[in-house]
Amino acid sequence: AIKFIETKSNQLSMSLHKRGAMIILSSPSGAGKTTLVKLISDKKNNFISISHTTRSPRSNEINGVDYYFINKNQFQKLINEKEFLEYAEVFGNYYGTSKKEIIEKLNKGKNVIFDIDWQGTEQIIKQKLNYKLITIFILPPSKKVLHDRLSNRDMKDKLIVEERMKQFDKDILHWKNYNYVVINDDLKKCLSKIINILDSELNDKENTYNKTVIENHIKNLI
Ligand code: 5GP
């Protein structure tokens, strides 16, 4: 009996240690998050969750790499079949994270990075899953920079830019639900801040995160 208990407790501690972490990066549109997600996933053991979306692909996007592009009926079917860990409507399109792929990765000890909005983040936080969860909100340095970045995308439509600027004012209010807020003024610096946060969280170390600086920055943006 003792041997059995020992084996069980070893298995338990092993499975606890081996599980990967869920890392959520959210940001208002145009803060540069997608690039960051790609850079972070270049690090070993990190895997990007590929979402499903009903949005049409942009000219540089590839099905199965950037998203799984599906239509509304297919999306609804996945909702009905309870395939989604979370899903949300963003700018009139549906986006969702399917459970299958990511749970398998997490159980194999891989960290999974999610590029999802605040609605999806809230849903995942509420589920209190048995994986370490790290949530990071990325902000642009200023509204002007955000406006410039949005105007340079392949969606040159002015109306879309204005709509996303308005959405920004609403989205930013959700910063409080996140463990960390990072400002993307310079891609390299921002990346190294995120790596520092992840390293500290995943290896139980101190980090240099400065909450006061962030709170002041947000006050200026609001
Ligand atoms: P975009 O259309 O610019 O690629 O993404 C628009 C927004 O949808 C971004 O804020 C992005 O993080 C979010 N998003 C992408 N995939 C998902 C997802 O699976 N779930 C949720 N909730 N949001 C997502």
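Of V90, V65, all but one fail to be near the ligand (Cβ under 8 Å from one of its atoms), at pLDDT below 95, out of contact with any Lys or Arg (no Cβ under 8 Å at 6 or more places or on another chain) and not basic (K, R); the exception is V90.
Yes or no: I134 modelled with pLDDT of 95 or more, surrounded by 14 or more Cβ atoms within 10 Å (Cβ to Cβ) and either over 17 Å from N46 (Cα atoms) or away from the ligand (no atom under 12 Å from the Cβ) (or both)?
For I134, the condition - modelled with pLDDT of 95 or more, surrounded by 14 or more Cβ atoms within 10 Å (Cβ to Cβ) and either over 17 Å from N46 (Cα atoms) or away from the ligand (no atom under 12 Å from the Cβ) (or both) - is met.
Residues of the stretch 93-106 that are out of contact with any Gly (no Cβ under 8 Å at 6 or more places or on another chain) and either away from the ligand (no atom under 12 Å from the Cβ) or in a loop (DSSP other than H, G, I, E, B) (or both): K100, I103, E104.
For the stretch 114-131, taking the residues that are within 13 Å of the ligand (Cβ to nearest atom) and part of a loop (DSSP other than H, G, I, E, B), the one that is nearest to the chain's Cα centre (by Cα) is identified as I116. Of all positions in the stretch 198-208, at least one carries a residue that is exposed (fewer than 11 other Cβ atoms within 10 Å of the Cβ), of a type in the set (S, T, Y) and farther than 20 Å from K143 by Cα. Looking at the structure I just gave you, is D148 closer than 14 Å to A31 by Cα, of a type outside the set (F, W, Y), in contact (Cβ under 8 Å) with a residue 40 or more places away in the chain and surrounded by fewer than 16 Cβ atoms within 10 Å (Cβ to Cβ)? For D148, the condition - closer than 14 Å to A31 by Cα, of a type outside the set (F, W, Y), in contact (Cβ under 8 Å) with a residue 40 or more places away in the chain and surrounded by fewer than 16 Cβ atoms within 10 Å (Cβ to Cβ) - is not met. Set side by side, the residues T135, T212 differ, and just one is in a helix (DSSP H, G or I) and of a type in the set (S, T, Y), which is T212.
The values are calculated or read from the model by the stated rules, or taken from the named source; none is laboratory data. Note that this is a predicted model, so its numbers are computed, not measured. Neighbour counts are summed over all protein chains in view; Cβ atoms, including those assigned to glycine, are modelled from backbone coordinates with ideal geometry.
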